[in-house]
Each structure stands twice: as structure tokens, then as C-alpha cells.
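The values are calculated or read from the model by the stated rules, or taken from the named source; none is laboratory data. These figures come from a predicted structure and were not determined experimentally. Glycine gets a Cβ as well: all are built from the backbone with ideal geometry, and neighbour counts include every protein chain shown. Ligands, DNA and RNA are excluded from the accessible area calculation, which covers all protein heavy atoms including side chains. Shrake-Rupley method; radii C 1.70, N 1.55, O 1.52, S 1.80 Å.
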Amino acid sequence: MTKRTGVFVCHCGNNIAATVDVARVAKEMGEVEGVIFSKDYVYMCSDPGQSTMANAIKDNKLDSVVVSCCSPTLHEKTFRDVTEEGGELNPYRCEIANIREQCAWVHKEKPKATEKALKITRAAIKRVQNNQSLTPIGVPVTRRVMVIGGGVAGIQAALDLANAGLQVVLVEKNPTVGGHMIQLSETFPTLDCSQCILSPKMVEVSKNKNIKLLTQAEVQEVSGFVGNFKVKVRQKAIYVDPEKCKICDDCAKVCPTVVPNEYDLNLTPRRAIFIPYAQAIPATYTLDESACLGLNPVVCGKCADVCEADAINYDMRPKTIVEEVGAIVVATGFDLYGKENLGEYGMGKYADVLDGLQFERLCSASGPTGGHVLRPSDHKEPKNVVFIQCAGSRDPESHCAYCSKICCMYTAKHATLYKHHVPDGQAYVFYIDIRSGGKGYEEFVQRSMERDEVMYLRGRVSKVYENNGSMIVKGVDTISGKNVEIEADMVVLALAMQPSKGTADVAKTLKIGRDKDGFLAEAHPKLRPVESVTAGIFLAGAAQAPKDIPETVCQASAAASKVIQLLSKDELMHSPAIAKVRLSHCTGCEMCVQACPYGAISLSGPNAKASVNDVLCEGCGTCQAVCLRAAIDVKNITQMQVHDMINACLGV
């Protein structure tokens, strides 16, 4: 049967036309065998461009289409919709020849770029002429969602989803939700109390009938696919019945074990049986098995002896819970870069060198000093405090290469809070430059400088060491060109934000990507900023990149809206461009099973041959590449099509 292919070449303004002779590409493609229509247009993605394409398909009775333009990531769906709706052609008989990102943008010489564009387009023509008409695969939907992480991002996403009528499973690895935000004293730029903002939302999570809260729990295994995930969660034993616990504190009073309190960043002690803080959700005590004198057998037992509510049960054991959900939101948050990594600032051995969260706890009314800023070493009021920005950030040689985005703002907040607590004190801030991009942020920094008389010194600190009970800070002021030495009572480091501990394991379990800095990778930084590369898994908060609270809440709600959109249908459509096995050629060697990054291939049948799960398969072609017997192909990019495409490029 004679092929009737149409080729449409886009100028993309000057993005392509500046480097590629678009008119020549369109003219020469019109001479390729099987091409009966070829045209160039300034913007093919525009409404007139799409109309031109739809009309050409109808008028010329085209059976396949190639659009030479930008990446298929951007406009493949656009043009396939045109072929289906406007041109009444199967959308899988439309292919994109990427002559922008893979040609125009990587070349400077127009003749060479044009030759490459010709080869790319010829290859696409050869491919599309052998494409099959495919039909999307329908996938049933489970209208439940799992949110991993109970910080402000996880809480916001869970509430948005629950209020939209979806059932939500909120998984948090700590004894309470709240994350790092609940540890803050106040938030910039309005200096609102963080507990006052977040506590009502935490309570709402506990009372919402659509939310199932699993604390002290971690995701162990995920199977299935978008719309139908099966998640295995392991929940630790807390040895206290939340329904019976009266939060009377009698158990903690008799507990003989004292360990550092994680909520106060180890500035205060706690008992082995404890409640993290007064507003904790769930509102119950929990027994830290690692700190207890012994539970198997019971060594102490004093807490159970004094518990009148009989809430303590030493026989509790960890349990595995299996949840079936249609989508997953990952909001695993951040941790601060360790002080122990900064040798120039004492490697964490000086009691009066604090990180930002420790200083927040000192300023907080619920903190270890009742809201009084006191030195941890001797509990005296510090009169000179040095704040060091970019501690561990923007240092590709030794630490983190990236900017942590919020440090400039929270350092200004810390200096302001310090002046509120110690009006006769002096605050110094060493900075590289000030990045205050946000509503009201620049004004906040200026107020810190002018009203609170915080002294900003532009330059890095080379060394911090202790001398006679004081912290000596050596640095430079690049504006005056002079070395600076300050005898400080306290030093506060604005440490880099980094992915929370365990993020790598979560990413591996969920089969989602991470960037070079370890943060979770989005599918596209501009067009799909809250989606992961794995369909049905979404990202929210600082797990994806450093960000402040407003941006975190925004992204959490965006992720929730994406999930609501996904699960609003009774059935999801999955791409039919998937792998297909030639059973006659398959020997059951399992190479494709091991190579598949999506776990979509298994051995089945009486002769144990490869079988593809149509819904799990993403059509990546990895299996096709490793198969020694050419027993597996991906629809519409078969090995014969690849062979033809190579020949087209070579001019054979």
C-alpha cells in the first residue's frame, strides 16, 4: 500500500530557524518516498499552525504525520491531539522529529545543523511509516492516596485530598506529625508563631475521618502501578495504647533512663517514655525501645506500675500494614547539613556553636530555656552573637554546591529575634550576598539592619575557635577590605538544607529519581514540577528542593490537585506503546526481567517465557536492548524500525 505521509517543519520563531534552514528541510522532505505533503510554518503549535496541519491531513488523506519541531516532551500530545480530533487520524501515527533541543540548540554552524535536521526528519519519516494504529490501555482506579511524610507539606497535601473526598493514608516515621516547622519559634517575614499556625492543622489531621494516620511508620515496599499501588508499611511498636493514654506524665516521672531530646535538638534531656511536645499529634506517650533498660525480658517496668489507665503494653510488636492506593505524594522533608562536617567551625564540638534549629528552640517559649536566649555552656545571656550564613552551602569544593534558598531570611529573623530577647546585645551577620526574593522579604531584611541595628559584614568566616570561654570568630569584610576578629558569646550557623535521612531509600523503593544533590527529581522543572518520572507518584516540599514555608504549602496543594485530577476518573489511560514478546524466540533467560526498571516483566507459562504487564510497562526499550535473541520489541519503535531509521540517517 502506498504511504501518504505529511511533514510539518516548525521555525519556532528563531529558536530553530536561526540555526536550521527550515525551508530547505521542508522542500527536501517533500521528495522523500511516501511523503506527499511537506510544509514549514513559523509556529506549528499555534492555533493557525494546528489548523494547517488538521486541514492538510483531511485534504491529502494522510495516513501518517511527522512534525519537525521541539522536544516531544513539550508538544507530542499537542500534535497527536490534532491528528486525532482535527485530522481523524490515529494519534500514534504521528511522530516528533526533535530538531530544536537535539539540533538547533547544540549547533552554531547553519549548514551542519541543517544537514543534521534533514537526517533526524528522514529517520522520523521512516519510523512513522511503519507505525501501527494503537489504542490506549484502560486502567481501573483506586480512589485512595498515600502521603509519605507528616511535615507541613504532608499535612497540607493530606488535608486538601481528604477535603476533596479522597481517603488518605498519612505515613510519618516520627512519633508525631509537624516536621521541622513545629520546632520553629516564629516564621518570617510576619513573625507568626509556628505552633499557632501549624497546630490547628495537626489537630484537623487527627480528626478528619478521611485521614488514616500512621506514625512511627516507614514504607518498606511498593508494587503495582498508577491507579493501583500496593504499599507495604512497617509500623514500630510504641508500647502505649493511644486510646487509653491520659497524658498524665506519671510514667515519665518514674522512668530512670535519661537520653537527649530530639525535639529540642539535644539541648534538653527526655525519658525513655515520653511525649515529644505538648501539642504532639497523636497526643500520646511513646516508649523508645532503644532507650529503655529492656523489654525482652522487662528489666524495669516502673512506667507500667504507675499507669492507672493501664495504657502500657510491653507485648506490643511491630506490624506490617498493606495499603492499596491510587497515587502517592512524597513529602519527606529536609535535614540540616551536619555541623560535624564543618571543621573550620569546630566540627560540632563547641556547645556555643549552634545550628539554626537549635537557636529556634532557644527563642521558643516552649523551648529548653522558656524563650530566654541563654548560652548552652553556662546558661548566661550572650551579649555578642555572630550569625554565619552559607555554612555548608555554595561551596562545591568542600560541601554543598547549591544555595539553600531560605538561609538569608532565617538569619535575618534570628538576628531580629535575638535583639527582641536581648535588646542591649549586638548581632553580627557574615554573608556572601543577600538573597531575599519573596513577598515582604527584602523589607524584612532592611528592618533587621536598620531598626534592630544588626551589623552585616560581607565576607566569609575562615575560623571559629574557643578561647577563655568565648568564641573567637575570624573573617573578612570585603567591603572595607579588612580582616575582622570578633569575640562572641555565641555563634549560629545557617547550615545548608539537604534531603532528609532515608530519602535515598524512599526513592529507591518508589523507583523515582534524584538529582545530583540528592533531592527528589521532578519530571520537568517547568511543566511538571510536582510530578515524578513514575506515573502516579508526586512530590511536595523540601524533599524536592530547598524552599520556604509558603512555597512548600503551595507545592503541597499543587501535588494534591494533581492527584485529585488523576483520581477523578473511573479509568486511567495508559500508553499502548509498550513491549511485546515474540514467544517463539524467547528462551526464558530472564535478562529482560532483571533489566526492566519498572518491574513490568516476569516469567510465566508452562515454558517460563517472558510476559509483560501492559500497565507497568513504560515503553523505555531497556528490555529490547538486552535481549540477545531479538525476542522482545516495543510497539512503534521496533528493531526493524530502528534499522530503517539508521539507514535513513546514513542515506542508504
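Here are a few things to note about the model shown:
- Entry remark, the stretch 626-637: residues being in contact with a Lys or Arg (Cβ under 9 Å, 6 or more places away or on another chain) and either loosely packed, with under 15 Cβ neighbours inside 10 Å or on the phi < 0 side of the Ramachandran plot (or both) number 8 in total.
- Filtering the stretch 505-548 to residues that are out of contact with any strand residue (DSSP E or B) (no Cβ under 7 Å at 6 or more places or on another chain) and not charged (D, E, K, R) leaves Gly513, His524, Pro525, Leu527, Pro529, Val533, Thr534, Ala535, Gly541, Ala545.
- Taking residues in the stretch 550-567 that are charged (D, E, K, R), and partners anywhere that are not in a helix (DSSP H, G or I), the pairs with Cβ atoms closer than 7 Å and at least 6 places apart or on different chains are Lys562/Val530; Lys562/Glu531; Lys562/Phe538.
- Gly326, sole failed condition from (1) under 30 Å from the mean Cα position of the chain (by Cα); (2) in contact (Cβ under 8 Å) with a residue 40 or more places away in the chain; (3) not assigned by TED's automatic domain parsing to the domain that holds Val168: (3)
- Exclusive hit being at pLDDT 95 or above and open to solvent by 30 Å² or more (accessible area, probe 1.4 Å), set Asn228, Asn163: Asn163
- Considered as a group, the residues in the stretch 361-398 that are among the hydrophobic types (A, V, I, L, M, F, W, C) and in a loop (DSSP other than H, G, I, E, B) include one that is most open to solvent (accessible area, probe 1.4 Å), and that residue is Ala365.
- In this structure, Asp355 does satisfy being open to solvent by 10 Å² or more (accessible area, probe 1.4 Å), outside the structural domain of Val226 (by TED's automatic domain parsing) and at pLDDT 95 or above.
- Selection status of Ala401, assigned to a loop (DSSP other than H, G, I, E, B), closer than 21 Å to Tyr345 by Cα and either in contact (Cβ under 8 Å) with a residue 60 or more places away in the chain or assigned by TED's automatic domain parsing to the domain that holds Thr552 (or both): yes
- Residue that is in contact with a Cys (Cβ under 7 Å, 6 or more places away or on another chain) and open to solvent by 10 Å² or more (accessible area, probe 1.4 Å), where the choices are Tyr337, Tyr350, Tyr345: Tyr337
- Of everything in the stretch 133-159 that is within 19 Å of the chain's Cα centre (by Cα) and in a strand (DSSP E or B), the residue that is farthest from Ile328 (Cα to Cα) is Ile148.
- Selection status of Ile99, under 24 Å from Val634 (Cα atoms) and either open to solvent by 10 Å² or more (accessible area, probe 1.4 Å) or touching a strand residue (DSSP E or B) at 6+ places or on another chain (Cβ under 8 Å) (or both): yes
- Odd one out for Asp505 among (1) open to solvent by less than 60 Å² (accessible area, probe 1.4 Å); (2) under 30 Å from Gly224 (Cα atoms); (3) not in a loop (DSSP other than H, G, I, E, B): (1)
- Set Leu213, Leu198: member being within 22 Å of Leu161 (Cβ to Cβ) and open to solvent by less than 30 Å² (accessible area, probe 1.4 Å): Leu198
- Here the condition is being open to solvent by 10 Å² or more (accessible area, probe 1.4 Å) and within 30 Å of Thr369 (Cα to Cα); of Ser206, Ser223, it holds for Ser206 alone.
- Scanning the stretch 600-625 for residues that are under 30 Å from Cys94 (Cβ atoms) and either among the polar types (S, T, N, Q) or open to solvent by 40 Å² or more (accessible area, probe 1.4 Å) (or both) gives Ser611, Asn613, Asp614, Glu618, Cys620, Thr622, Gln624, Ala625.
- If only residues of the stretch 238-259 that are at negative phi and in contact with a Leu (Cβ under 8 Å, 6 or more places away or on another chain) are counted, the one that is surrounded by the fewest Cβ atoms within 10 Å (Cβ to Cβ) is Pro256.
- Summed over the stretch 489-500, the residues that are under 24 Å from Ala545 (Cβ atoms) and either among the polar types (S, T, N, Q) or not in a strand (DSSP E or B) (or both) give a count of 3.
- Residues of the stretch 522-553 classified as open to solvent by 20 Å² or more (accessible area, probe 1.4 Å) and more than 29 Å from Glu324 (Cβ to Cβ), total: 8
Residue-by-condition table, conditions (1) modelled with pLDDT under 95; (2) farther than 10 Å from Ala157 by Cα; (3) assigned by TED's automatic domain parsing to the domain that holds Val226:
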position: Phe538; (1), (2), (3): no, yes, yes
position: Ala543; (1), (2), (3): no, yes, yes
position: Ile549; (1), (2), (3): no, yes, yes
position: Ala558; (1), (2), (3): no, no, yes
position: Glu571; (1), (2), (3): yes, yes, no
position: Cys586; (1), (2), (3): yes, yes, no
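- The single residue among Ile512, Ile479, Ile486 that is part of a strand (DSSP E or B) and either in contact (Cβ under 8 Å) with a residue 40 or more places away in the chain or open to solvent by 50 Å² or more (accessible area, probe 1.4 Å) (or both) turns out to be Ile486.
- Among residues of the stretch 266-309 being more than 17 Å from Pro175 (Cα to Cα) and in contact (Cβ under 8 Å) with a residue 60 or more places away in the chain, the one that is surrounded by the fewest Cβ atoms within 10 Å (Cβ to Cβ) is Glu308.
- Selection within the stretch 478-500 - at pLDDT 95 or above and charged (D, E, K, R): Glu485, Glu487, Asp489
- Top-ranked residue of the stretch 409-436 - restricted to ones that are assigned to a helix (DSSP H, G or I) and touching a residue at least 60 places away in the same chain (Cβ under 8 Å), ranked as nearest to Leu493 (Cα to Cα): Thr411
- Of the residues making up the stretch 611-652, those that are farther than 28 Å from Glu33 by Cβ and of a type outside the set (S, T, N, Q) number 15.
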